[in-house]
1. Restricting attention to helices (runs of 4 or more DSSP H) lying wholly within region B:13-130, give those where 1 or more residues are within 16 Å of the chain's Cα centre (by Cα).
2. Are there any pairs with C-beta distances below 6 angstrom linking a residue in region B:39-52 that is free of Cβ contacts under 8 Å to residues at least 24 places away in the same chain to a residue that is assigned to a helix (DSSP H, G or I), with the two at least 6 apart or on different chains, and if so which?
3. Can you confirm whether region A:21-35 contains a residue that is at the interface with chain B (Cβ under 9 Å from one of its Cβ atoms), touching a Lys or Arg at 6+ places or on another chain (Cβ under 9 Å) and under 23 Å from B:ASN52 (Cβ atoms)?
4. Considering only region A:93-117, state which residues are more than 18 Å from A:LEU22 (Cβ to Cβ), surrounded by 14 or more Cβ atoms within 10 Å (Cβ to Cβ) and without any contact (Cβ under 8 Å) to a residue 24 or more places away in the chain.
Amino acid sequence: MSQPTNVGLRSWIGYRGGSGYLLWLLHRATGLGVLMFLALHIVDIFLLGFGEDVFNKLLFLYRAPWARAMEVFLLFGVTFHAMNGLRIIIQDAFPRTWLHQRRLVAVEVVLFLAVFLPVAWIMVADFLGGAG
Amino acid sequence: MSERREGGGHNRPAGTGFESKAWFFMRLSGVVLLGLAVFHLYWMHFAIGVDNIDFQTVVGRWSNPLWRLYDFALLVFALSHGFNGLRYAIEDYVRRPGRRLVVKSIAYVAGFLLISAGAYIIFTFDVGAA
């Protein structure tokens with residue numbers, strides 16, 4: 001028999017430890033991503049000191065289409081990191097809840113989608129409507 | 001570094017040393033940021049919207065010292081939470097001691113510059129002159 005060749009994303013994630021690993025990875029990736037934006041954001045606010053003209057002229061950076069797309073990523077990152085972090089805090093404060101991690105993750109995912117999807121939709125629609 | 005846990009986070013490091021306090025601080029600042037950062041993002045990007053923000057928006061907000069205090073608290077908690085998280089990532093991925101020292105030093109200098117720049121503009125910005 002030949003070796004299995006179907007070594008896709010699913011089996012790679014499964015090999016690394018399943019949904020727990022995926023959540024851990026997403027928590028780290030969104031954390032580092034939000035930190036990168038925070039650094040950029042502090043720099044742009046610092047530029048307030050250079051006066052109204054300089055600051056307002058630089059705002060085109062945040063109004064460009066690619067920046068508006070990044071804004072949806074920022075919304076995703078902050079919302080996911082907040083909800084997953086809240087679950088971690090709850091599980092640390094009440095250790096018995098570790099027995100119900102799968103159920104808590106299911107609640108987390110539903111809550112995340114319930115908040116993220118409508119807000120992202122309105123953000124995108126607002127941009128597309130505003131640009132059109 | 002304590003043991004990495006499935007689903008995110010780490011088990012609390014043993015004892016009462018720095019790592020144990022850092023672990024607790026991540027939970028504490030996490031709760032604070034659930035209020036400060038999440039409200040800030042949803043208010044500025046969703047309720048107001050990027051298209052409606054310019055220099056005068058900030059002048060309006062910073063005319064009230066309480067908003068400066070809010071933004072300073074957000075700056076301090078977000079940076080300390082974020083840079084401690086970055087420290088965890090560096091310790092996970094940069095294994096060689098010499099290289100780790102270099103990467104950590106760069107990160108700490110960047111963190112110091114960012115908190116200085118942020119605090120400077122929050123407390124020196126003159127809304128009267130603007």
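1. Values: elements: B:18-41, B:55-62, B:65-93, B:97-124.
Ranges flagged: B:18-41, B:65-93, B:97-124.
2. Partner pairs satisfying both residue conditions: B:LEU41/A:VAL78; B:PHE46/A:VAL119; B:VAL50/A:TYR62.
3. Taking every residue of region A:21-35 in turn, none turns out to be at the interface with chain B (Cβ under 9 Å from one of its Cβ atoms), touching a Lys or Arg at 6+ places or on another chain (Cβ under 9 Å) and under 23 Å from B:ASN52 (Cβ atoms).
4. Passing the criteria: only A:THR97.
Readers should treat all values here as calculations from the given coordinates under stated rules, not as data from a laboratory. Every value quoted in this text rests on a predicted model; they were computed, and no experiment measured them. Heads up, the Cβs are rebuilt from the backbone with ideal geometry, glycines too, and the neighbour counts pull from every protein chain shown.
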